[in-house]
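Trainee: Below you will find the structure I want to go over with you.
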Amino acid sequence: MKTLTPQKIAEITGGEYIGNDNDRNKSITGAVRDNRDVKQGNLFVCIRGARVDGHEFANSAFNAGAACCLTEQIIPDAKGPYVIVDSTLEAIKIIGEYYRSLFDIPVIGITGSVGKTTAKEIIAAVLSEKFNVLKTEMNLNNELGVPLTLLSLTEKHDVAIIEMGIRDFGDMSVLAQMVHPDIFVMTKIGYSHILELKDLQGVLKAKTEAFAYMKPNGIAVMNGDDELLRSYETKIRTLTFGLEKHNNVRVTDIRTNGIASIDFDIVSEKGSFHVNLPAYGSHLAALAPAAAAIGQLLGMTNEEIQKGFALFAPVEGRSNVKKLNNITLIDDCYNANPNSVKAALTSISALPGRHVAVLGDMFNLGEHSEQMHREVGIFAAECDIDTMLCHGELARFIYEGFKSAAVKTAPGKNEPQAKHYTSMNELIEKLPDEIKKGDTVLVKASRGMHFEKLLPVIIKRSESPD
């Protein structure tokens, strides 16, 4: 563990140390913001939230083994040392940047409007065949999550993979100043946070802020199938990945094996090799060459990279397949934007049997939100979705788009069914009646729609004998 102590935290943040002199040089191992996650030696960061003030749990954190707390106020009857700063959020970013500077290992930053979490997991799987890898866990990809992840680094790690999520201009600069990525991966420029970023050029501008914080010998790994990324000029070495022939590393001959796996070939100047990725969704194959490119950059052989792909496991809520008693559930409800929903619809359409799509609102799409939702509905009809179930004010336009296109796209077939539910309770009540034995059911919406509430309903329905 690199040296980090309460005294050092006070020095680099300009904070005030409160506690016994004997505790100034206690070793700090990692940092958390939730007292329930405290492990022996952790730094507990007291964050004031909308509903909960972390300062109220400082002593609980000490009881759980925290070595120090980072606070904005005096802690009455404190059971351990703490450092008072003006803003714990700003201070933890300073600490994260300082701590990252202590490590001379490859640090890989990942961003993109679509697929950054899955790309992170695929890259981590490949690299773990040869290296001890630290990766972003859960959704710790923002200005608080990134420094907490960086503070998880230890001397045993060979590589760090940091997911970097943004909402507005300037956010990426804040993250990149901490991460200082040696390799920066960009998966796709798409319609996420358009409300703040205005258009795709705005998304590109916001995400490419990271290049200002990379060294001249840094490397960009860019999706060469994305027109905006392909035409963007970096001042550092750039490798492209994707499906098209012009990419430095590409994937060919994609073959899906139902929900079990995807077969494809990776092709680059270092030859070609076959991959079997144990995952559902043909769209995941497009991210694979990014992992292969990074593996090659870090000195892995094609055989090692091939073995690494076999270690991949999908993240809960992202194209996660649950094979239930008589229903196949595609749990993709963690988040949604037009690009990711269309990718999910494309993948489900390749599966046999009847297809049910349960879709909800996609947030932060700005002035074109209505049209984007409507286009998703039209696209779903083109994918031969048999039953479309929608919930949300914006999802009404998915429903309308689907209805307008369904008859035209399925001549001579039974007319696809579509329903829009005004409330979550109504959808929960009616959902079991809309699902039949043998169905494949996709569940997807923006995180704030809380579509995870539908998963137990579908699981219970699968246990029904009819």
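The values are calculated or read from the model by the stated rules, or taken from the named source; none is laboratory data. From a predicted model like this one, the values you see are computed outputs, not experimental measurements. Don't worry about glycine lacking a Cβ; one is built from the backbone with ideal geometry, like all the others, and counts go over all protein chains shown.
Trainee: Would you mind stating whether residue 79 is part of a loop (DSSP other than H, G, I, E, B) and of a type in the set (D, E, K, R)?
Mentor: yes
Trainee: Within the range 304-344, can you find the residues that are aliphatic (A, V, I, L, M) and within 19 Å of the chain's Cα centre (by Cα)?
Mentor: 311, 313, 315, 321, 330, 336, 341, 343, 344
Trainee: Still on this model: Given the conditions (1) part of a helix (DSSP H, G or I); (2) within 29 Å of residue 415 (Cα to Cα); (3) touching a residue at least 40 places away in the same chain (Cβ under 8 Å), and given that residue 342 satisfies all but one, which numbered condition is not satisfied?
Mentor: With (1) part of a helix (DSSP H, G or I); (2) within 29 Å of residue 415 (Cα to Cα); (3) touching a residue at least 40 places away in the same chain (Cβ under 8 Å) applied to residue 342, the lone miss is (3).
Trainee: Would you confirm whether or not the range 230-240 contains a residue that is part of a strand (DSSP E or B), at pLDDT 95 or above and surrounded by 21 or more Cβ atoms within 10 Å (Cβ to Cβ)?
Mentor: Among the residues of the range 230-240, at least one is part of a strand (DSSP E or B), at pLDDT 95 or above and surrounded by 21 or more Cβ atoms within 10 Å (Cβ to Cβ), which makes the answer yes.
Trainee: If you check residue 245 against the conditions, is it modelled with pLDDT of 95 or more and surrounded by fewer than 18 Cβ atoms within 10 Å (Cβ to Cβ)?
Mentor: Yes.
Trainee: Of the residues 31, 10, only one is in the same structural domain as residue 84 (by TED's automatic domain parsing), touching a residue at least 40 places away in the same chain (Cβ under 8 Å) and in contact with an Asp or Glu (Cβ under 7 Å, 6 or more places away or on another chain); which?
Mentor: Just one listed residue meets the conditions, 10.
Trainee: Further question on the same structure: Restricted to the range 256-273, and to residues that are touching a Lys or Arg at 6+ places or on another chain (Cβ under 8 Å) and either among the β-branched types (Val, Ile, Thr) or assigned by TED's automatic domain parsing to the domain that holds residue 347 (or both), which residue is nearest to residue 304 (Cα to Cα)?
Mentor: 266
Trainee: With the condition kept exactly as written, say whether any residue in the range 273-294 is over 21 Å from residue 107 (Cα atoms), surrounded by fewer than 21 Cβ atoms within 10 Å (Cβ to Cβ) and of a type in the set (A, V, I, L, M, F, W, C).
Mentor: Checked the range 273-294: at least one residue is over 21 Å from residue 107 (Cα atoms), surrounded by fewer than 21 Cβ atoms within 10 Å (Cβ to Cβ) and of a type in the set (A, V, I, L, M, F, W, C).
Trainee: Only one of these is touching a Leu at 6+ places or on another chain (Cβ under 7 Å), surrounded by fewer than 22 Cβ atoms within 10 Å (Cβ to Cβ) and farther than 14 Å from residue 151 by Cα: 12, 47. Name it.
Mentor: Within the list 12, 47, the selection yields 47.
Trainee: Here's a follow-up. Mind counting the residues in the range 197-229 that are of a type in the set (A, V, I, L, M) and not in a helix (DSSP H, G or I)?
Mentor: 5
Trainee: Scan the range 102-118 for residues that are touching a strand residue (DSSP E or B) at 6+ places or on another chain (Cβ under 8 Å) and at pLDDT 95 or above and report the count.
Mentor: 8
Trainee: Does the range 255-268 include one or more residues that are hydroxyl-bearing (Ser, Thr, Tyr), in contact (Cβ under 8 Å) with a residue 24 or more places away in the chain and farther than 30 Å from residue 441 by Cα?
Mentor: Yes, because at least one residue in the range 255-268 is hydroxyl-bearing (Ser, Thr, Tyr), in contact (Cβ under 8 Å) with a residue 24 or more places away in the chain and farther than 30 Å from residue 441 by Cα.
Trainee: Within the range 18-61, can you find the residues that are in contact with a Pro (Cβ under 6 Å, 6 or more places away or on another chain) and not in a loop (DSSP other than H, G, I, E, B)?
Mentor: 23
Trainee: Which one is nearest to residue 456 (Cα to Cα), of the residues in the range 319-333 that are surrounded by fewer than 22 Cβ atoms within 10 Å (Cβ to Cβ) and not aliphatic (A, V, I, L, M)?
Mentor: Ranking the qualifying residues of the range 319-333, first place goes to 322.
Trainee: Just checking, how many residues over the range 82-97 are in a strand (DSSP E or B) and either of a type outside the set (A, V, I, L, M) or at positive phi (or both)?
Mentor: The number of residues fulfilling the criteria is 1.
Trainee: Among the numbered conditions (1) out of contact with any strand residue (DSSP E or B) (no Cβ under 8 Å at 6 or more places or on another chain); (2) part of a loop (DSSP other than H, G, I, E, B); (3) modelled with pLDDT of 95 or more, tell me where residue 291 comes up short.
Mentor: Looking at each condition in turn, residue 291 falls short on (2).
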